[in-house]
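Worksheet: one structure, shown below.
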Amino acid sequence: MPRRRPDATVSGMATVRLLEAGDWALYRSVRLASLTESPAAFWSTLAREEAFAPSVWQDRLAARNTLLAETGDGPAGLAAVVPDEGAAAELVGMWVAPSARGRGVGDLLVRAALDWTADRGFAELRLWVFEGNRHAERLYARHGFARTGTAKPGRPGTDERQFEMARAATAR
């Protein structure tokens, strides 16, 4: 039986772990899958990120705290936490594979992000949701996130809007 790393979180048949620099090829594969499956959910594009050199993927893992959810079927989701303004952190790049949706993987990633944020002394975790993404808003609301009243434009060349959600980062 494989040993769990100390940074792993387990829920049912899914685990979440923090990716390391040596995981860059796995990270690239899952990130490109997310951009292929859900292109409207991200600012970046598949074509842009397919062109990244290995060093870009390694640098991203060094600069972000990237969480990977896995099930017995393989990678099931990604999320990253980055320092934001002051004592806040921001949850970015959240994605759950279609085969893992509705199975608690999104909840597990959010809990892992909140735990990581609280464990490192951040007071608040923030995130942005595209208007109309009710599934994402409900997921975050289940974990105590609320709209802050701040909104911003979405991707350039569109009339999309995003709204900010936040909650205190307290350990469970």
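The values are calculated or read from the model by the stated rules, or taken from the named source; none is laboratory data. In this text the structure is predicted, and so the values were computed from the model without any measurement. We place every Cβ from the backbone using ideal geometry, glycine too, and count neighbours over all the protein chains shown.
Data overview
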| quantity | calculated |
| --- | --- |
| Output for the range 14-34, where each listed residue is part of a helix (DSSP H, G or I), without any contact (Cβ under 8 Å) to a residue 60 or more places away in the chain and surrounded by fewer than 19 Cβ atoms within 10 Å (Cβ to Cβ) | ALA21, GLY22, ASP23, ALA25, LEU26, SER29, LEU32 |
| Residues satisfying the stated conditions in the range 77-104, i.e. modelled with pLDDT under 90 and in a strand (DSSP E or B) | PRO83 |
| From ALA151, ALA171, ALA146, residue being among the aliphatic types (A, V, I, L, M), modelled with pLDDT under 95 and either surrounded by fewer than 13 Cβ atoms within 10 Å (Cβ to Cβ) or touching a Gly at 6+ places or on another chain (Cβ under 7 Å) (or both) | ALA171 |
| Subset of the range 133-170 [under 24 Å from GLY86 (Cβ atoms), touching an Asp or Glu at 6+ places or on another chain (Cβ under 6 Å) and part of a loop (DSSP other than H, G, I, E, B)] | ALA169 |
| The range 154-165, residues that are farther than 12 Å from LEU127 by Cα and touching a Gly at 6+ places or on another chain (Cβ under 9 Å) | GLU160, ARG161 |
| Complete set of residues in the range 53-81 that are farther than 23 Å from ALA118 by Cβ and surrounded by fewer than 16 Cβ atoms within 10 Å (Cβ to Cβ) | ALA53, PRO54, SER55, VAL56, ASP59, GLY72, ASP73, GLY74 |
| Where THR66 falls short, out of the listed (1) polar (S, T, N, Q); (2) part of a helix (DSSP H, G or I); (3) within 20 Å of ALA169 (Cβ to Cβ) | (2) |
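Conditions (1) in contact (Cβ under 8 Å) with a residue 60 or more places away in the chain; (2) within 26 Å of GLU20 (Cβ to Cβ), marked per residue:
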residue	(1), (2)
ARG60	no, yes
ALA69	no, yes
PRO75	no, yes
VAL96	no, yes
ARG103	yes, yes
ALA112	yes, yes
PRO153	no, no
